[in-house]
Ligand SMILES: Cc1cc2nc3c(=O)[nH]c(=O)nc-3n(C[C@H](O)[C@H](O)[C@H](O)COP(=O)(O)OP(=O)(O)OC[C@H]3O[C@@H](n4cnc5c(N)ncnc54)[C@H](O)[C@@H]3O)c2cc1C
Ligand code: FES
């Protein structure tokens, strides 16, 4: 196995390497605009691009740095092959809507290509076929059903017997003419364009509330407001619920990725296993050299306590399958899944007409964000979109959503209760350097991390979003919440929302 260095030696995804990122000021006065966009990921930026192109006056804010959320850590396959989905969609929402889902995501690929062509963007956009592969007989049957769904919906795809790797497969399902790109090289020119179109952009500016009404005001943590006509909530997990009960209708799932230089020639294509553990493959180039991105090892956020094992599992698999020459990048991130697996895009709830949301992309946000940007722009500028009903967050398809809702809520409830009374995972005195764990301090559950200088960092592990108990993430050295995916640094500061406040302090009593 290649040398397996600790995370701080390469915490960044490959996308950030060698890319000059812009910085923006913090917002220090009230703003008056047509549209306030909250969130500077691919969703917020693409929406800002379309709205400013159509003459809207826009302010976009981000709690941290722009394109450093899930978008900065994605795998960036651009495809309508969203794992196994079409057979399930036909069962639950019928053929007409399942076809709309495929159509909207296929149009999204064309939309991205059009933006690239119009703006002459050099982002390594490349058409590739996308493959789902099965390594067991049971999943081969699932692929067969998915293929039947492809035929019913007129999707350009085929069943094949093999894929060009040393992986024994039962079958694979190919969707033709999909794509991949470098997500930051795609978005940086769009950010420039958005600026040129007159949008105001701010970083380190956290939205904490919306004062609703015909002229809503987005309230930021430092007290300044954005006065506007429309609010677009593109903050990944919605920072404002708008009575949409998002906390009960989505869960966060983490995955891991490594970028390797391989001993073998990559045969082309993008691959995803349908069996567990998940494995995802594509290539990219950096400094004119080819790297293979290997992804997988997904688990619900806050559930994969020994996360370093996930990187090791990917590395072992890559070594066996591809032969690893170098292993210079690795990273992890999370995305949100809705109860019926279809994103929530549109008005945040039936209660508010001028607040929109785009979330729940289930790790397929490259196309879903393009769908969202167009749908929301259409709603703001024309009042209608062909995809309103399919994606409306106000929908309640009860089957299988209701069952999943119960499961998700039971899980959340479990973390409220069992987290509080849960046993400490380790004694404080047994913590090694560079180790974190749940411990008992002053008779209560606390989170402890002992750094390389033997200095202890203690936090109250209770999440400041809705009170679930966070768990230690040894891979990223963060405290992760299993309920809605908030993440906190070793000193308790928020790394990722929906939590807005840091974890509480814990002091050792003498
Ligand atoms: C491991 C992994 C691999 C993936 N691979 C693929 C892939 O191959 N293809 C694909 O299509 N999709 C993929 N995805 C999914 C895709 O990356 C995401 O769906 C997409 O990047 C989400 O973009 P976003 O703009 O909605 O969110 P983000 O990129 O997370 O942006 C949200 C922004 O909002 C900001 N924010 C949050 N709260 C506030 C607040 N209160 N105030 C102000 N700002 C706030 C955050 O700082 C952040 O910058 C993958 C996801 C994962 C987890
Ligand atoms: S309770 Fe919601 S993210 Fe922690």
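Each reported figure results from applying straightforward, stated rules to the coordinates on display, with no laboratory input. Source: prediction; values computed, not measured. Cβ coordinates were reconstructed from backbone atoms using ideal geometry, including for glycine residues, and neighbour counts include every protein chain displayed.
Before moving on, here are some points about what is shown:
- Working note: Debye formula, equal point scatterers on the alpha-carbon atoms of the range 49-130, no solvent; log10 I(q)/I(0) at q = 0.17, 0.20, 0.22 Å⁻¹ is -1.00, -1.14, -1.17.
- Histogrammed with a bin width of 5 Å, the alpha carbon distances of the range 95-159 distribute as 4, 13, 18, 19, 16, 13, 10, 5, 2, 0 percent, first bin at zero.
- Put simply, the range 240-373 fits an ellipsoid with semi-axes of 34, 17, 11 Å; these come from the alpha carbon gyration tensor as the roots of five times its eigenvalues, largest first.
- By the helix-only formula, in which each DSSP H run with n ≥ 4 contributes -39500 (n - 2.57) and the sum is divided by residues, the chain has a 222 nm mean residue ellipticity of -9000 deg cm²/dmol.
- Gained length - residue 32 relative to residue 91, 0.36 nm times residue gap less alpha-carbon distance: 16.6 nm
- Per-pair calculated FRET efficiency, R0 = 56 Å: residue 138 and residue 382 via Cβ, rounded to 0.05: 0.75
- Label separation (residue 145 vs residue 266): 3.2 nm, computed from points 7 Å beyond Cα along the C-beta direction.
- For the range 288-359, the alpha carbon positions stretch 55, 35, 18 Å along the principal axes, listed from largest to smallest.
- FRET efficiency for the residue 442 to residue 491 pair, using the beta carbon distance and R₀ = 22 Å, is estimated at 0.70.
- Annotation: peptides 93-105, 53-65, ranked by per-residue average of other Cβ atoms within 10 Å with the highest first, follow the order 53-65, 93-105.
- The range 278-321 has equivalent-ellipsoid semi-axes of 24, 12, 9 Å, by the square roots of 5 times the alpha carbon gyration tensor eigenvalues, sorted largest first.
- Size of the chain: Rg and Dmax of its alpha carbons, in Å, are 22.4, 71.
- Calculated on the alpha-carbon coordinates, the convex hull of the range 171-325 measures out at 209 cubic angstrom per residue.
- Bins of 10 Å, starting at 0 and running to the largest distance - Cα pair percent for the range 12-92: 15, 34, 29, 18, 5, 0
- Structural descriptor for the chain: relative contact order 17 percent, calculated from alpha carbon pairs under 8 angstrom and at least 6 residues apart.
- Relative packing of 146-155, 115-124, which averages over residues the other C-beta atoms within 10 Å, highest first: 146-155, 115-124
- With the simple spin-label model, which puts each label point 7 Å out from Cα in the Cβ direction, the residue 316 to residue 427 separation comes to 3.1 nm.
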